[in-house]
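Trainee: Can you keep this structure in mind? I'll have questions shortly.
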Amino acid sequence: MALSVFDLYSIGIGPSSSHTVGPMRAAHTFAAGLAADGDLPRVARVRAELFGSLGATGHGHGSVKAVILGLEGDDPATTDTATYDARVATILETQQLRLAGERVIHFEADDVVMHRRQSLPAHPNGMIFTAYDEERAELRARTYYSVGGGFVLDDTQVGADRVVVDDTVLPYPFTTGGELLAVCHEARLSVSDIMLANELTWRTEAEVRTGLLEIWRVMAACVEEGCHHEGVLPGGLRVPRRAPELYATLSAAGSEDPLDVIDWVNLYALAVNEQNASGGRIVTAPTNGAAGIVPAVLHYWVRFVAKDLPQEQVDDGIVRFLLTGAAIGILAKMNASISGAEVGCQGEVGSACAMAAGALCEVLGGSPEQVENAAEIGIEHNLGLTCDPVGGLVQIPCIERNAIASVKAINAARLASHGTGSHKVSLDKALKTMRETGRDMKTKYKETSRGGLAVNVIEC
């Protein structure tokens, strides 16, 4: 099962990788399949059914809008976020949808069905798409699962166990933290070196570097926009954006607070996740709900650690940071889960915290053993974290949770950097514990908004 760094980091839209990006990709795939097989001219109607966590919290996560635009042929990386809502409104008002961007069909709001308490067998985030002809005869039906981080599997791929099958032979294969440390030791390479060597199986080094620096550019643009976009987040909670005010406060001259750096890290995370909550352009890292952690910690390194380095060395560090974080994210995806609907928020914020901690440790000069230690600390202290979004929106507690986990990741990296890399609990054991904890966790705590804060906070 070969995974690329660009599988863990992908440019998309908010507010959720599993509930927005995944459904859009599934709908896009379904529509494209109709076109490729020559069935498109015969389609008169399409029905989309969302099950489990998608059905329970899909409205708050923008799943319906994502499905509609995915059917029109939109892709999360390129869809126009500025016209997103207006286009959906027009489709529903006119009851006309341009399937795969070509075939105009009748489409009503009821053509997207939300099954709030019914699930499909393979994963909590299941979808069924069905196309009909003029006589309502079924032309095509497909089942898809949005398994976290924007990954989508169909019902023929579910045996892949949360990862898309890729039998590419890598120069340095690893499926566990122990194996990763072993190949680092044998090859005398860093974690980022191992990831880069594997990535060269698919792309040139120049393409990898350019692609990762583009990922960083989008992350930085998201922070910049979030720092200046005032107002209230969409949805019934009426949550005010805090990043602009905090940015103005921190930018004012005269502060001598030695802990200002923490405030800046908090700001970076808040800015990203407020953009995500409003459906803006973000980078899945490894999910949308946890998208603020990796960029917040990378901003910390760029601004406060590498501020005096030449730009080329800064760029080198950014690339190594993202490569290292991806290695840890791959381990989390392969051996546990990055899906809040499957294991709770420990799989999203916990995995992102581990990724950022290990990545920061490497660019701080940490050995592979110290990197693994930092990642383990990051995940260990998020074990048991539930996914309980109030009102089904990726706002409370999600936005603050990213800020807290970003600071936690920095602390984990610094703690590991001062150690030898030797520790009692391995990353593999922590990930195994996360998976087992998620299996034991009640469904109501796994992105259904039927437990935890979601039922103990009154919506206003």
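Trainee: Considering every residue within region 394-407, establish whether at least one is in contact with a strand residue (DSSP E or B) (Cβ under 7 Å, 6 or more places away or on another chain), at pLDDT below 95, buried (at least 19 other Cβ atoms within 10 Å of the Cβ) and not aromatic (Phe, Trp, Tyr).
Mentor: no
Trainee: Checking Glu274 against (1) in contact with a Leu (Cβ under 9 Å, 6 or more places away or on another chain); (2) of a type in the set (Asp, Glu); (3) without any contact (Cβ under 8 Å) to a residue 60 or more places away in the chain: exactly one of these is not met. Which one?
Mentor: Looking at each condition in turn, Glu274 falls short on (3).
Trainee: Please find, among Leu50, Leu54, Leu34, the residue that is closer than 30 Å to Thr175 by Cβ, in contact with a helix residue (DSSP H, G or I) (Cβ under 7 Å, 6 or more places away or on another chain), touching a residue at least 40 places away in the same chain (Cβ under 8 Å) and crowded, with 21+ Cβ neighbours inside 10 Å.
Mentor: None of the others qualify; the one that does is Leu54.
Trainee: Regarding region 10-17, can at least one residue be identified that is farther than 25 Å from Gly236 by Cα and either part of a loop (DSSP other than H, G, I, E, B) or among the aliphatic types (A, V, I, L, M) (or both)?
Mentor: Within region 10-17 (the criterion being farther than 25 Å from Gly236 by Cα and either part of a loop (DSSP other than H, G, I, E, B) or among the aliphatic types (A, V, I, L, M) (or both)), the answer is yes, since at least one residue qualifies.
Trainee: Another one. Evaluate region 297-316: report whether one residue or more is in contact with a Cys (Cβ under 8 Å, 6 or more places away or on another chain), in contact (Cβ under 8 Å) with a residue 12 or more places away in the chain and in the same structural domain as Val232 (by TED's automatic domain parsing).
Mentor: no
Trainee: Please go through region 171-186 and give me each residue that is out of contact with any Ser or Thr (no Cβ under 8 Å at 6 or more places or on another chain) and more than 14 Å from Asp428 (Cβ to Cβ), ordered by number.
Mentor: Those that are out of contact with any Ser or Thr (no Cβ under 8 Å at 6 or more places or on another chain) and more than 14 Å from Asp428 (Cβ to Cβ): Tyr172, Pro173, Val183, His185, Glu186.
Trainee: Also, quick follow-up: Having 1 or more residues that are within 17 Å of Val191 (Cα to Cα) and of a type in the set (Val, Ile, Thr) is the bar; report the helices (runs of 4 or more DSSP H) wholly within region 346-439 that clear it.
Mentor: Ranges flagged: 349-363, 368-380.
Trainee: Still on this structure, please answer the following. Within region 280-302, work out how many residues are crowded, with 24+ Cβ neighbours inside 10 Å, outside any strand (DSSP E or B) and not hydroxyl-bearing (Ser, Thr, Tyr).
Mentor: Of the residues in that region, 13 qualify.
Trainee: Also: From Thr20, Thr81, Thr29, grab the single residue that is β-branched (Val, Ile, Thr) and either touching a helix residue (DSSP H, G or I) at 6+ places or on another chain (Cβ under 6 Å) or free of Cβ contacts under 8 Å to residues at least 24 places away in the same chain (or both).
Mentor: Being β-branched (Val, Ile, Thr) and either touching a helix residue (DSSP H, G or I) at 6+ places or on another chain (Cβ under 6 Å) or free of Cβ contacts under 8 Å to residues at least 24 places away in the same chain (or both) holds for just one of Thr20, Thr81, Thr29, which is Thr20.
Matching residues to (1) modelled with pLDDT of 95 or more; (2) crowded, with 24+ Cβ neighbours inside 10 Å; (3) closer than 19 Å to Leu196 by Cβ:
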{"position": "Asp316", "(1), (2), (3)": "yes, no, yes"}
{"position": "Ser339", "(1), (2), (3)": "no, yes, no"}
{"position": "Val343", "(1), (2), (3)": "yes, yes, no"}
{"position": "Pro368", "(1), (2), (3)": "yes, yes, yes"}
{"position": "Glu372", "(1), (2), (3)": "yes, yes, yes"}
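Trainee: Test Ile404 against the criterion of being touching a residue at least 40 places away in the same chain (Cβ under 8 Å) and of a type in the set (Val, Ile, Thr), and give yes or no.
Mentor: Spelling it out, it is not the case that Ile404 is touching a residue at least 40 places away in the same chain (Cβ under 8 Å) and of a type in the set (Val, Ile, Thr).
Trainee: Tell me which residues, restricted to region 30-84, are in contact with a Gly (Cβ under 7 Å, 6 or more places away or on another chain) and of a type in the set (Asp, Glu).
Mentor: Within region 30-84, just Glu72 meets the criteria.
Trainee: A further question follows. Among the residues of region 31-43, count how many are out of contact with any strand residue (DSSP E or B) (no Cβ under 6 Å at 6 or more places or on another chain) and in a loop (DSSP other than H, G, I, E, B).
Mentor: Residues that pass the stated criteria total 2.
Trainee: Here's something else I'd like to know. Just to be sure, is Val21 buried (at least 24 other Cβ atoms within 10 Å of the Cβ) and either outside the structural domain of Gln95 (by TED's automatic domain parsing) or in contact with a Leu (Cβ under 8 Å, 6 or more places away or on another chain) (or both)?
Mentor: no
The values are calculated or read from the model by the stated rules, or taken from the named source; none is laboratory data. This is a predicted model, so every value here is computed, not measured. All Cβ positions, glycine included, derive from the backbone under ideal geometry; neighbour counts span all protein chains shown.
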